[in-house]
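One structure is given below, encoded as C-alpha cells.
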Amino acid sequence: MLPIVAVPLMLKAAELRPVHVFLAAFVPAALAAVYLRLRPRAVYMVDYACFCPSPGLRVPFAAFQEHASTCVDERSLRFMVRLLERSGLGEETCLPDAQHYIPPERDLGSSRDEAELVVFSAIDDLLAKTKVSGEDIDILVVNCSLFAPTPSFADMVVSRYKLREDVRSVHLAGMGCSAGLISVELARNLLQVAPGGSNALVVSTETITRNYYTGKERAMLLPNCLFRMGGAAVLLSTRGRNARFRLAHVVRTLTGAKDSAYRCVYQEEDDRGNVGINLSKDLMVTAGDALTANITAMGPLVLPASEQLLFALSFVARKVVSSSRIKPYIPDFRTAFEHFCIHAGGRAVIDELQRSLRLSDEQVEASRMTLHRFGNTSSSSLWYELAYIEAKGRMRKGDRVWMIGIGSGFKCNSAAWECIHPAPVAADGPWATCVHRYPIDVPDVLKH
C-alpha cells in the first residue's frame with residue numbers, strides 16, 4: 001500500500017493533468033497560427049510574355065544610317081556609325097513606326113501609338129497564356145521612364161481591359177532601366193497585404209518615339225544607337241497553383257546620394273535646346289560601385305556558408321591590413337544561381353558585370369544575344385533574356401535565376417527566382433522564329 005501522504009499528491013497531479021494537456025496542444029497551435037498569419041506570403045510568377053515586333057519595324061544598319069543623316073550633321077553621323085559598329089547590336093533590332101519616316105515623327109500621338117502597340121501586344125499574349133481575364137487582376141503596376149502622358153499608362157491598361165473599379169494601379173516614371181524589378185517589388189509588397197490568391201499584372205516598357213536626340217553632343221548621341229522598342233508583361237500571384245517561378249528575394253540599392261552617381265544618366269537640354277539623355281564617361285565605374293553594394297546585400301541571402309565565410313574573412317583582413325594590399329574577395333555567385341539575366345544595356349555594361357561577377361561567356365550568353373537581336377529594350381530586357389534561356393531548353397525545375405538591372409539614379413536592383421515549372425521548349429515567344437540561329441559570334445567591330 002502507498003503511504004497516506006502520497007495520496008493527496010496523486011490527486012493533485014490527476015487534477016492538473018488536463019490543464020497540461022490543454023496547454024501542450026493549445027500553445028504550439030496558437031504560435032503556429034500567429035506565425036502563419038504574420039509571415040510574408042510567398043509570391044509566384046504565373047507566367048510572362050514579351051513583345052515581339054513585326055519584321056516591318058526592323059532597322060538594318062544601312063536604314064539607321066540613312067534616317068540619322070536627315071536628323072544630325074555629318075560629324076555626328078560618323079560618330080554614331082562608329083558607335084553602332086561596336087555596340088553589339090545586330091541587323092534585326094526594331095524601332096517604332098514613327099521613326100521609319102524621314103524625318104522621324106516625334107509627336108504625342110505617335111508616342112501613344114507605340115506605347116499601345118507594345119503594351120497591349122504583351123498583355124494580350126500573357127492573358128492568352130494564363131487564361132486570366134481583366135476582372136481577375138487585383139493590382140496593376142506599369143513602368144515607363146521617359147514617357148508619362150495623361151491619362152497614365154496604368155489608366156490606359158484599365159480602359160483597354162476593363163479592369164475592376166477597385167484595382168490598385170500605379171504608373172512608375174523616371175526610374176530608368178532598372179524599373180522593371182522595382183515594379184516587381186512593389187507588386188510583391190501589395191500582394192502580401194492583399195487577400196490571399198490575388199493577382200498582380202506588371203508591365204515594363206520604354207517609349208522611343210519622343211526621345212530621339214537630334215543635337216551634336218556625343219554623350220547624348222549614344223542612346224540613339226542602343227535603345228530599341230520592346231516590352232514585357234508579367235503575372236504575379238500569391239496562389240502557387242500553375243505558377244512557373246517563385247520569387248525568393250528582391251534587393252534594391254540606390255547610390256544617388258553621390259552627385260556623380262545621380263548625374264551619371266541625366267536627361268537635359270543641350271546648348272541648342274535639344275533634349276536627350278546624357279551618359280557620363282564614369283558610367284561603368286558608377287555601375288560597378290552600385291553592383292558591389294547590391295551583391296553585398298544579396299550575398300547573405302543566397303550564398304552558401306563557405307562563400308559567406310570567405311567574404312567575411314576578406315572583409316576583416318582588409319580592415320586590419322591596408323586595403324590596398326589585399327584584393328577584395330568577390331563571392332562566387334555561380335554556387336547560388338544556375339542562370340544569370342544581366343541588363344542588356346550595351347556591350348560595355350555586360351563586359352563590366354561579367355568581369356565583376358567572374359561569369360563565363362555561356363553565363364552571359366542570354367544578355368549578349370538579347371542585345372544583338374533586340375537591342376537595349378530598357379527595363380524589359382531581363383524578360384527577353386529569361387525567354388532566351390527557356391527557348392534554349394536550359395531551364396530545369398529547381399534552377400535559380402538572378403536578374404540584375406541597372407539604371408539612372410543610380411540604381412542597381414536584383415531579384416532571385418526559383419523555377420517551379422519550365423516552359424516547353426517549343427513554346428511561342430520572342431525567340432520562337434530565331435533561337436535556332438543563336439548563339440552567334442558578335443565581332444568587336446561589325447563592318448558593313
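The values are calculated or read from the model by the stated rules, or taken from the named source; none is laboratory data. Note that this is a predicted model, so its numbers are computed, not measured. Here Cβ is always computed from backbone atoms with ideal geometry, including for glycine, and neighbour counts include all displayed protein chains. We work out accessible area using only protein heavy atoms, side chains counted, and drop any ligands, DNA or RNA first. Shrake-Rupley method; radii C 1.70, N 1.55, O 1.52, S 1.80 Å.
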Scanning segment 205-223 for residues that are open to solvent by less than 10 Å² (accessible area, probe 1.4 Å) and in contact with a helix residue (DSSP H, G or I) (Cβ under 9 Å, 6 or more places away or on another chain), the one farthest from T130 (Cα to Cα) turns out to be G215
In the set V202, V158, the lone residue that is of a type in the set (A, V, I, L, M, F, W, C), crowded, with 23+ Cβ neighbours inside 10 Å and at pLDDT 95 or above is V202
How about segment 115-133: which of its residues are open to solvent by 10 Å² or more (accessible area, probe 1.4 Å) and either more than 18 Å from R241 (Cβ to Cβ) or within 17 Å of the chain's Cα centre (by Cα) (or both)? E116, L117, F120, S121, D124, D125, A128
Has segment 47-66 got at least one residue that is in a loop (DSSP other than H, G, I, E, B), at pLDDT 90 or above, of a type in the set (A, V, I, L, M) and within 26 Å of V119 (Cβ to Cβ)? yes
Just need a number here: residues in segment 363-416 that are touching a Ser or Thr at 6+ places or on another chain (Cβ under 8 Å), among the basic types (K, R) and part of a helix (DSSP H, G or I). 1
Looking at segment 392-413 only, could you name the residues that are out of contact with any Cys (no Cβ under 9 Å at 6 or more places or on another chain) and either surrounded by fewer than 24 Cβ atoms within 10 Å (Cβ to Cβ) or of a type in the set (D, E) (or both)? K392, G393, R394
Can you pull out the residues in segment 88-127 that are part of a loop (DSSP other than H, G, I, E, B) and of a type in the set (D, E, K, R)? E91, E92, E105, R106, D107
Answer residue from segment 240-253, given it is modelled with pLDDT under 95 and not polar (S, T, N, Q) and is farthest from G405 (Cα to Cα) among those: R241
Counting only residues that are open to solvent by 60 Å² or more (accessible area, probe 1.4 Å) and in contact with a strand residue (DSSP E or B) (Cβ under 6 Å, 6 or more places away or on another chain), how many does segment 319-365 have? 1
Among A187, A200, A154, which is aliphatic (A, V, I, L, M) and not in a helix (DSSP H, G or I)? A200
Quick count over segment 121-152, residues being more than 21 Å from N189 (Cβ to Cβ) and not aliphatic (A, V, I, L, M), is 13
Filter segment 140-155 down to the residues that are surrounded by fewer than 23 Cβ atoms within 10 Å (Cβ to Cβ) and in contact (Cβ under 8 Å) with a residue 24 or more places away in the chain and list them by number. L146, F147, A148, P149
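In segment 230-244, which residue that is out of contact with any helix residue (DSSP H, G or I) (no Cβ under 6 Å at 6 or more places or on another chain) and under 23 Å from V118 (Cβ atoms) is surrounded by the fewest Cβ atoms within 10 Å (Cβ to Cβ)?
Ranking the candidates gives R244 first.
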Take segment 278-318 and flag every residue that is open to solvent by less than 70 Å² (accessible area, probe 1.4 Å), more than 21 Å from the chain's Cα centre (by Cα) and touching a residue at least 40 places away in the same chain (Cβ under 8 Å). N278, S280
